[in-house]
Amino acid sequence: MQINQVIETYDRGAVDYDAIMKRYWHIEREPLIASLQLQPGQTVLDAAVGTGLNLPAYPQGVHVVGIDLSHKMLDEARKKQISADITFKISDICNLDFPDNSFDAAASGFTLCVVDDPVRAMEEILRVTKPGALIAILDYCKSRDPEVEKWQELISDGASQLGFPTDKIKWNALMDYDELIYNSKLTVEVLVDNRIESPNPFSCGCQLLLKNSKV
């Protein structure tokens, strides 16, 4: 999807987003954020923070910078009760306006399956995080089961153009994390790669923990 389409879709869906995720794609965020092993005083990038579903899981004493392109998604995120210090910022994950090595860690929830260029988005996350930084990712992804993948192919146009629910959430139903993580020459070490396989083509996902291996 083009960037303007993404913004328009998620602006429309912002007020319903949490309810939709709870009904169809609910996954507890505490294990995701706990995997970052955050310490007081550290700064973490939440890219893209959306309505802030990750935010309650961040511990006290940590500073979170939550970026997103949708003003209305950020409006919903501001309503969350959180223990960490938080700064919200409108920013494009594919063109982050932060200096190199700004963050001790990063997290991303259901984001890379939405952006037009996930390789570029990951390159930017790696650029702004420090060497050795942990990066936690929770996302929808293409199944490794060919029988499920063929159904993902069938829903792909609808998921990216029409959206499910209509005009509320749009994504790449063939988001290929094997290609992204293992074949794109990103400077990452894969620490955890857990796949969520399902016969339901809408329910396949992954939870990854990566280490920024740049020098």
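The values are calculated or read from the model by the stated rules, or taken from the named source; none is laboratory data. Fair warning: this is a prediction, and the values are worked out from it, not measured in the lab. A quick note on method: Cβ atoms are made from the backbone with ideal geometry, for glycine too, and the neighbour counts reach across all protein chains shown. Calculation scope for accessible area: heavy atoms of the full protein, side chains included, ligands and nucleic acids excluded. Shrake-Rupley method; radii C 1.70, N 1.55, O 1.52, S 1.80 Å.
Can you compute 3J(HN,Hα) from phi for each residue in region 98-115, using the Karplus curve 6.51 cos²θ - 1.76 cosθ + 1.60 with θ = phi - 60°, rounded to whole Hz and x for Gly and Pro?
Those phi angles translate into 10, x, 4, 6, 7, 10, 7, 6, 8, 9, 8, x, 6, 10, 5, 6, 9, 6 Hz.
Once you place label points 7 Å from the Cα toward the Cβ at THR166 and VAL215, how far apart are they in nm?
Here the modelled spin labels are 5.5 nm apart.
At a temperature of 25 °C and a viscosity of 0.890 mPa s, determine how fast the chain diffuses translationally according to Stokes-Einstein, using the Kirkwood radius over alpha-carbon pairs as Rh; express D in µm²/s, rounded to the nearest whole number. Display every interim value, and only then the final one.
Details: Rh = 17.2 Å.
Diffusion coefficient, whole number: 143 µm²/s.
Normalised by the residues of the chain, what does the relative contact order come to in percent, with Cα pairs under 8 Å and at least six apart? Please list the in-between numbers first.
Details: 451 pairs, mean separation 43.6, N = 215.
It comes to 20 percent, rounded to a whole number.
Hey, got the dipole for region 45-101? About the Cα centre, +1 on K and R Cβ, -1 on D and E Cβ, debye to the nearest 20?
Details: 5 positive and 8 negative charges, 56 e Å.
Dipole size: approximately 280 debye.
Under a 1.4 Å probe, what is the accessible area of region 59-153 per residue, stated in Å²?
Numbers: 4050 Å² over 95 residues.
Ligands and nucleic acids excluded, the result is 43 Å² per residue.
Where the centre of each part is set by its Cα atoms, how far does region 1-63 sit from region 162-176, in angstrom?
Distance between centres, Cα-based: 17 Å.
Which whole-Hz couplings ³J(HN,Hα) result when phi for each residue of region 41-46 is put into the Karplus expression 6.51 cos²θ - 1.76 cosθ + 1.60, θ = phi - 60°, listed in order with x for Gly and Pro?
The phi angles translate into x, 7, 10, 10, 8, 9 Hz.
Treating only the Cβ of Lys, Arg, Asp and Glu as charged (+1, +1, -1, -1), what charge dipole size does the chain show about its Cα centre? Round to the nearest 20 debye. Mind dumping the intermediate values first?
Details: 21 positive and 32 negative charges, 89 e Å.
Computed charge dipole of the chain: roughly 420 debye.
Report, in cubic angstrom per residue, the convex hull volume of the C-alpha atoms of region 96-215.
97 Å³
Exceeding 23 Å between C-alpha atoms, which entries from my cross-link table qualify? They are LYS72/LYS168; LYS89/LYS130; LYS22/LYS211; LYS150/LYS185; LYS72/LYS150; LYS130/LYS185. Please list the in-between numbers first.
On the way: LYS72/LYS168 13 Å; LYS89/LYS130 20 Å; LYS22/LYS211 29 Å; LYS150/LYS185 27 Å; LYS72/LYS150 34 Å; LYS130/LYS185 18 Å.
Result: LYS22/LYS211; LYS150/LYS185; LYS72/LYS150 exceed 23 Å.
For the chain, give the percent of accessible area contributed by carbon and sulfur heavy atoms, probe 1.4 Å, rounded to a whole number. Mind dumping the intermediate values first?
Working: 5020 of 10030 Å².
The C+S portion of the solvent-accessible surface of the chain is 50 percent.
Find the centroid of the Cα atoms in region 76-109 and in region 177-213, then give the distance between the two in whole Å.
When both Cα centres are located, 21 Å separates them.
Specify whether the C-alpha gyration tensor of region 100-162 places it in the rounded, prolate or oblate class, a ≥ b ≥ c being the square roots of the eigenvalues: rounded for a/c under 1.5, otherwise prolate if a/b is larger than b/c and oblate if not.
Prolate, since a/c reaches 1.5 and a/b exceeds b/c.
Among GLN152, ILE181, THR166, which residue has its Cα furthest toward the positive end of the charge dipole of region 145-200, with +1 on Lys/Arg Cβ and -1 on Asp/Glu Cβ?
THR166
Put +1 on the Cβ of each Lys and Arg and -1 on the Cβ of each Asp and Glu in the chain; which of ILE93, ALA19, CYS206 then has its Cα farthest toward the positive end of the dipole?
Value computed over the given set: ALA19.
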